[in-house]
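A.B. asks: Dropping the structure in here first, questions after.
The values are calculated or read from the model by the stated rules, or taken from the named source; none is laboratory data. Quick caveat: nothing in here was measured; it's all calculated off a predicted structure. Cβ placement follows ideal geometry from the backbone for every residue including glycine, while neighbour counts extend to all protein chains displayed.
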Amino acid sequence: MALLEIRGLSRYFGGLAAVNDLDLDVLDSEILGLIGPNGAGKTTLFNLINGFFPPTSGEVIFQGEEISKFKPHEIAKLGIGRSFQQSVLFMGSTVFENVFTGFHMNYKTGLLKQFLHTPAVREEEENIKQKVMEILEFMGLASQKDELAQNLSHGHQRILGLCIALASNPELLLLDEPVTGMNPGETVTMIGLIRQLRDRGITLVVVEHDMKAVMSLCDRIVVLNYGRKIAEGLPGEIRENRSVIEAYLGQEK
């Protein structure tokens, strides 16, 4: 069953089509790889799904609801989370504080009650603190909860960015180059964490240039080039696809 449906989706910047008449399904509980040369439209597609850009035409449908005109915070509340190419962290804050901040959209008490710090607010904060620790323990960062984000290794900063995305309790998680800049050991760790997230019921779409990571991680792969889908299939099928080979060879020349 499709959790997310993309139908006839296009986004133009001036006369340039960054995404061009795209049809795409993301199936429930899968890890879908989204690959293509630089400028293929991958990040633009994420921005359309998240509501950062409105589509020029077409629809984004999540759990049967058309969300193309929703604002980013509304889409996040529906259950679509995202990590970014560059870790968006509060470098001067601790690991714990970074993830705690990620829960801000889930506050149920009103602003006045938060300002007065009522018993309801204190109870909610304690519940959130518990959830923060659950995320950090699951992601392997609990022992570094009091460390400043700026002092973490690159790999741990990327994991912290993923922890923040998990604070929104997503059903669908969009990962933009999750292993970029990682050494082989860090890459193996991140791949293992992504698999564990899927095992916990989160559906994932992964944009990544590390083809070895993509081929080992993803259940299916969709290939974009110049904003269009040129291939879709299992990792082995994509590896042998002539259109995909030509797209990447063309980039390397």
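A.B. asks: What's the total number of residues in region 61-79 that are among the acidic types (Asp, Glu), in contact (Cβ under 8 Å) with a residue 12 or more places away in the chain and part of a strand (DSSP E or B)?
C.D. replies: As a first pass, look at region 61-79 and keep what is among the acidic types (Asp, Glu): 65-66, 74.
From what's left, in contact (Cβ under 8 Å) with a residue 12 or more places away in the chain: 65, 74.
Subset that is part of a strand (DSSP E or B): 65.
Qualifying residue count for the region: 1.
A.B. asks: Here is a further query. Could you look through region 9-60, keep only residues that are small (Gly, Ala, Ser) and assigned to a loop (DSSP other than H, G, I, E, B), and pick out the one that is nearest to Ile75 (Cα to Cα)?
C.D. replies: Taking region 9-60 and keeping what is small (Gly, Ala, Ser), we get 10, 14-15, 17-18, 29, 33, 36, 39-41, 51, 57-58.
Those still in the list that are assigned to a loop (DSSP other than H, G, I, E, B) too: 14-15, 29, 36, 39-41, 51.
Details: Gly14: 26, Gly15: 28, Ser29: 19, Gly36: 25, Gly39: 25, Ala40: 24, Gly41: 20, Gly51: 7 Å.
Ranking the qualifying residues of region 9-60, first place goes to Gly51.
A.B. asks: Whether any residue in region 224-233 is in a helix (DSSP H, G or I), within 30 Å of Ser10 (Cα to Cα) and at pLDDT 95 or above is what I want to check.
C.D. replies: no
A.B. asks: A further question on this structure: Being of a type in the set (A, V, I, L, M, F, W, C) and surrounded by fewer than 16 Cβ atoms within 10 Å (Cβ to Cβ) is the filter; apply it to region 234-253 and report the residue that is modelled with the lowest pLDDT.
C.D. replies: Among those residues, the one meeting the criterion is Leu249.
A.B. asks: Let me ask something else. With (1) assigned to a helix (DSSP H, G or I); (2) crowded, with 21+ Cβ neighbours inside 10 Å as the list, and Leu175 as the residue in question, which single condition is left unmet?
C.D. replies: Against the list (1) assigned to a helix (DSSP H, G or I); (2) crowded, with 21+ Cβ neighbours inside 10 Å, Leu175 comes up short only on (1).
A.B. asks: So, one more: Within region 89-116, restricting attention to residues that are surrounded by 13 or more Cβ atoms within 10 Å (Cβ to Cβ) and at pLDDT below 80, which residue is nearest to the chain's Cα centre (by Cα)? Steps first, answer last, please.
C.D. replies: Quick first cut of region 89-116, residues surrounded by 13 or more Cβ atoms within 10 Å (Cβ to Cβ) only: 89-90, 93-103, 106-107, 109, 113-114.
Within this subset, residues satisfying the condition of being at pLDDT below 80 are 106-107, 109, 113-114.
On the way: Asn106: 18, Tyr107: 22, Thr109: 28, Lys113: 32, Gln114: 30 Å.
The extreme case among them is Asn106.
A.B. asks: Quick one: how many residues across region 123-168 are among the polar types (S, T, N, Q), surrounded by fewer than 15 Cβ atoms within 10 Å (Cβ to Cβ) and touching a residue at least 24 places away in the same chain (Cβ under 8 Å)?
C.D. replies: The number of residues fulfilling the criteria is 2.
Here is a yes/no grid of residues against (1) surrounded by 19 or more Cβ atoms within 10 Å (Cβ to Cβ); (2) farther than 12 Å from Arg7 by Cα; (3) among the hydroxyl-bearing types (Ser, Thr, Tyr):
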| position | (1), (2), (3) |
| --- | --- |
| Gly36 | yes, yes, no |
| Lys42 | yes, yes, no |
| Gly51 | yes, yes, no |
| Phe62 | yes, no, no |
| Phe70 | yes, yes, no |
| Glu74 | no, yes, no |
